[in-house]
Each structure stands twice: as structure tokens, then as C-alpha cells.
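Engineer: Here you go, one structure.
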Amino acid sequence: MSTEVRVPTLGESVTEATVATWFKKPGDTVAVDEMLCELETDKVTVEVPSPVAGKLAEIVAAEGDTVGVDALLASIAEAGAAGPEETKAKASVAKSEATASSDDADAPSGDAVDVMVPTLGESVTEATVSTWFKKVGDTVAQDEMLCELETDKVSVEVPAPAAGVLTEILAPEGSTVEASAKLAILSPSGTATASAAAPAAAASEPKSSGKDVENAPSANKIMAEKGLSADQVAGTGRDGRIMKADVLKAVTSAAAPAPAPAAAPRAPVAAEDASREERVKMTRLRQTIARRLKEAQNTAAMLTTYNEVDMTEVMALRNQYKDMFEKKHGVRLGFMSFFTKACCHALKEVPEVNAEIDGTDIVYKNFVHMGVAAGTPTGLVVPVIRDADQMSFAEIEKAISEKGKRARDGKLSMAEMQGGTFTISNGGVYGSLMSSPILNPPQSGILGMHKIQDRPMVINGEIKIRPMMYLALSYDHRVVDGKGAVTFLVRVKEALEDPRRLLMDL
């Protein structure tokens, strides 16, 4: 029995593709979902997996052929349905297997268990292997932690799927792995396989430079038309293969003016100083923070407006009720709940600060998912408190406390850091007196809190010492006008200087 392999759906308005690469040849054994070939459309590269396990019987569409949607690419003889050639070869294969079985008498019994990359979260496609807690040959128990992966925002621990011996590490520390990639192999029998003797570092050997790899026919055609050589194009296909999209990108880059360098070149360092330096690769989290903050500066028309707030009434109210509050709700009464409430109150009056730009549309949010920036040992993260505008002081304090602890422990999930509509950043806990916070895209506003400091203020014609805090609102001027930004900050100030306004919804 044979199974047909056909061209999958290529995308909206895409009707044909070019067969770029066959990874298998007729007669090769294939597993379910193993990649058979790669198709190239005008916009994307599509990999075609095997629908069944068996042997590749025939290739209908050769490399370079143009095929339409649902066209026949190949046929697969399913496992157990041996063809004539296969039947003829079975005797010699059986004989060789019988000989091999005697050599493998000492091999472990039972199937090896693959250790795979777990689900990383929505829109996360790859991770970096940061730490292996076990080495090849170590005995592990089921659910014992084998390694730790680092994504753009969170760390993910990988437990052992079964008890046994770690026989092979396929992704060493520092390597980048895709979602659902294989990390290691376990032997449930408790005996390491011969493959364990090979150094794990072999898995991290760099990919082929692509010099001996046949490029996509469509790519060769365009390079010939544009007068480009393979050395002038960076290939993104398998093993460095140059695809049509790579050539088009190179042509566009050559036509466009050279971009300004991202950073000035590093100044020369004296030899005696270089020996005292330490060079550490940026973590994926730090790289993401750097990229997103720079994107915010490059994309948004960012502006910051300032004001100051007299914290006398908030501090008095907090001191009066903090013991009763903690006794009843089991959580301390801090300043963050007051600021969260005040911002939710102000966002109702100035909804554009709680909006975002989507193409040529402005999307107004009729809810407040409050991001609360938190510093962790690995970098800044922003857990989101959903529907903060519907929560009480106690619920807000509990949510901030719980998410802050999870952030410091690196236990936040991707879902807990997505969907925020506005952000509060409290630099005052570190002693900051004044700063201009950077937007958290695609949000249009972020409030910066700062250190509370006693300062002389004129109150009713008299100089008095008051606990004052500078407030800073950074906003996207494409959405928020100056009047709206100032109004928002004034409403926050009014609510904090007279907290009773929050109760009266004034």
C-alpha cells in the first residue's frame, strides 16, 4: 500500500511553488513527520513532512520543478507493504541483522527515550540551552531536572521523561534549539549506549558554510540575472543553501543606502587592561530587552511629561490602616495599589493613554491590563495584572506580591507577560529621583514612580516639609496629545493627594 505526498496549502493567493530540495531519495526509510522536501514560494519556504512511516518509493516532482497546490510530489510505500525490490533484498538484510544482533547482545534492552524541548509559549520558536544539570552517563529519576532553557523572556526547566541513564546530549550549553527539537537521549535500561562515548560538543559543530551545497534553482537564476555571486548572498536554507528570498533580500540591500552602524566601534584597549576584562555573551532576555527598547525609540514618537505629587495623605492613610489591612487580607498595604488605582481612574478619563496603534487604526481598550515592571537578577520583566480596574486594593496587592515573587524566581509564564495595556515602573525602590521611562510597545503610555523625598513646599502661604515624589509619564505622541498626557498626570496627582476621590470616583 502506498501513500501520496502532495503539495500542502501554500498561503493566501499563493498558487504554485518550486521544489527546492529533496532531503530523501527513493528507497530511503522515512518516519512520520520527517521532512521530505522543501518548497519555495514567492514569499516563504515550506517544508513538506512525511504523512506516514515507510520508504520513499518514487519522486514525481524533481528539484527545480514548479508545482501547483495539491500536486503530487512523491509516493511512500508504508511500513509492512514491501515492494518487489524490498522483498528481494530481505534475505541478505535478515542475515546481516542476525550477525549484528550477536554483536549487540550487550546493548541495553528497551527503547531509548528522547528528551524534547517542551512547549515554550505563544510565538516563541526557539531557546538557548543555558545549563545542563546532568552529564552523559549520569543516572536520573523520572521528572528530575536535566537542563534549563532560556527564551526571550523566561527560563524553562526540562525534566526527565523517564528514569534511566543520560546516554547522549544532542544540544550542549550555549546552543540554540527550536521548539520541539531533540535535546538528549535517555536509556531506560540503566546502561549507557556506545553513542555516549562521543563528545557532546559534536552536536554544536557549526553548520556547513554552504560552499558545497546546491542552491535553489530559482536563486541561481536571479543571481545570474542580477550579476551576483554566491559569496554576496547569505543563505538561510538548510546547510546554508541560498534560497530565492535570500537573493531578493541581497538585491534590495544593495539598492538601499547602507544603514548607519548600530553602535560605534569599540575603542582599542591596552593589553594590560584587556587581560583584566571579562567578556560575557548577552542572555537572550537581555538581547530581547535591548532590541525592544531600541524598537520603541525608533518607532514611537516618544515624549515625557513630569509632575510631582505630595504623598502626605497616602502615607497617612497607609499608616492608619496597614496593620488592619494585613491582618484581614494577609498581604501588606503598599504604595503600588494606590498608584494602580489612581492610573486606572485617570485612564478612564484619558482613554488614548490606554490605546495602541495598529496600522492606520487606533485601538482603544475598554479594560486595563496593568503591567508592573519588576527587576530580576536576569533583567527587567513586566508581569501583567489583568483587569486591574475591576480589582480591590487587596486583590491588587496580592497580585503584585505573587507575580513579583514569581518574576524574581524566574517562574513567570509567557502568558503572564503578554497583553498589557499600560505600565507602571517604580524606580524609587532603587533610589531614583527622576527618570524618563521608555515605552513598552505596543503600549502608548508608561508611568515612572520615583523616590519619596522630604522637600520644603509652600502650603497656604507657609513653608512646610512634605514627602514629595516626582512622576514621569512617557507617551506616544502619535496617539496622545500633550493635553491628554498632562491631564492624565494631573488626575493621578489629584487622586493620590486626596485618596478619597478614588472612593467617590471623582
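Please treat every number below as a calculation from the coordinates, not as lab data. Worth saying up front: this structure is predicted, and the values here are computed from it rather than measured. Cβ atoms come from the backbone with ideal geometry, glycine included; neighbour counts cover every protein chain shown.
Engineer: What FRET efficiency do you get for Thr236 and Lys411 if R0 is 45 Å and r is their Cβ-Cβ distance, rounded to the nearest 0.05?
Structural biologist: Efficiency at R0 = 45 Å is approximately 0.85.
Engineer: If amide H atoms are built 1.01 Å from N in the plane of the peptide, which residues on other chains or at least 5 residues away come under 5 Å of the amide H of Ala57?
Structural biologist: Answer set, sorted by chain and number: Gly27, Ser75, Ile76, Ala77.
Engineer: Please work out the C-alpha center-to-center distance from the range 272-338 to the range 2-42 and express it in whole Å.
Structural biologist: After rounding, the separation between the Cα centres reads 49 Å.
Engineer: Ranked highest first by the average count of other Cβ atoms within 10 Å around their residues, in what order do 350-357, 408-415, 268-275 fall?
Structural biologist: Those peptides, ordered most packed to least, come out 350-357, 408-415, 268-275.
Engineer: Within a Cβ distance under 12 Å of Pro467, other residues only, what is the Lys/Arg minus Asp/Glu net charge?
Structural biologist: Summing Lys and Arg as +1 and Asp and Glu as -1 gives 0.
Engineer: Please state the relative contact order of the range 353-506 as a whole percent: Cα pairs under 8 Å, 6+ residues apart?
Structural biologist: 20 percent
Engineer: Subtracting the Cα-Cα distance from 0.36 nm times the residue separation, let me have the gained length for Val280 to Glu4 in nm, one decimal.
Structural biologist: Taking 0.36 nm per residue and subtracting the Cα distance, the gain is 94.3 nm.
Engineer: I would also like to ask the following. What list of ³J(HN,Hα) couplings, whole Hz, do you get for the range 156-171 from phi and the Karplus terms 6.51, -1.76, 1.60, once you set θ to phi - 60° and write x for glycine and proline?
Structural biologist: 10, 8, 10, x, 6, x, 7, 7, x, 10, 6, 8, 7, 10, 8, 10
Engineer: Same structure again: Is the shape of the range 303-425 best called rounded, prolate or oblate, per the rule: a/c under 1.5 gives rounded, else a/b larger than b/c gives prolate, else oblate, with a ≥ b ≥ c the square roots of the Cα gyration tensor eigenvalues?
Structural biologist: oblate
Engineer: In terms of modelled amide H atoms, which long-range or inter-chain residues lie less than 5 Å from the amide H of Leu39?
Structural biologist: Ala20, Val46, Glu47, Val48
Engineer: Answer with one residue from Gly431, Gln418, Gly371: the one whose Cα lies farthest towards the positive end of the charge dipole of the range 287-504, charges on Cβ with Lys, Arg +1 and Asp, Glu -1.
Structural biologist: Gly431
Engineer: Full extension from Asp387 to Glu313: what is 0.36 nm times the residue separation minus their Cα-Cα distance, to one decimal in nm?
Structural biologist: 24.0 nm
Engineer: Please list 3J(HN,Hα) in residue order for the range 225-236, calculated via the Karplus relation 6.51 cos²θ - 1.76 cosθ + 1.60 where θ = phi - 60°; whole Hz, with x for glycine and proline.
Structural biologist: Values per residue, Gly and Pro as x: 5, 8, x, 9, 9, 4, 5, 8, 10, 8, x, 10 Hz.
Engineer: Please give the FRET efficiency for Met145 paired with Tyr364, using the beta carbon to beta carbon distance and R0 = 56 Å, rounded to the nearest 0.05.
Structural biologist: For Met145 and Tyr364, the calculated efficiency is 0.80.
Engineer: Which entries in the list Lys55/Lys135; Lys322/Lys493; Lys365/Lys403; Lys411/Lys493; Lys322/Lys451; Lys341/Lys405 go over 27 Å, if you measure between the two C-alpha atoms of each?
Structural biologist: Correct reply: Lys55/Lys135; Lys411/Lys493.
Engineer: How far, in nm, would the chain grow between Thr376 and Thr304 when pulled straight, counting 0.36 nm per residue and subtracting the alpha carbon separation?
Structural biologist: Between Thr376 and Thr304, full extension yields an extra 23.4 nm.
Engineer: Take the alpha carbon gyration tensor of the range 287-504, find the square roots of its eigenvalues, order them as a ≥ b ≥ c, and report rounded if a/c is under 1.5; if not, report prolate when a/b exceeds b/c, else oblate.
Structural biologist: oblate
Engineer: Regarding the range 350-412, what are the three Cα extents along the principal axes, ordered largest first, in Å?
Structural biologist: 39, 29, 16
Engineer: A further question follows. List, in order, the whole-Hz ³J(HN,Hα) value for each residue of the range 138-148 obtained from phi through the Karplus relation with A = 6.51, B = -1.76, C = 1.60 and θ = phi - 60°; use x for Gly and Pro.
Structural biologist: With coefficients 6.51, -1.76 and 1.60, one gets 6, 7, 10, 9, 4, 6, 6, 5, 9, 7, 10 Hz.
Engineer: Please tell me the relative contact order of the range 358-417 in percent, rounded to the nearest whole number, where contacts are Cα pairs under 8 Å and at least six residues apart.
Structural biologist: 32 percent
Engineer: Could you list which residues have their amide H under 5 Å from that of Ser444, counting only those 5 or more apart in sequence or on another chain, with H placed in the peptide plane?
Structural biologist: The answer is Ala355.
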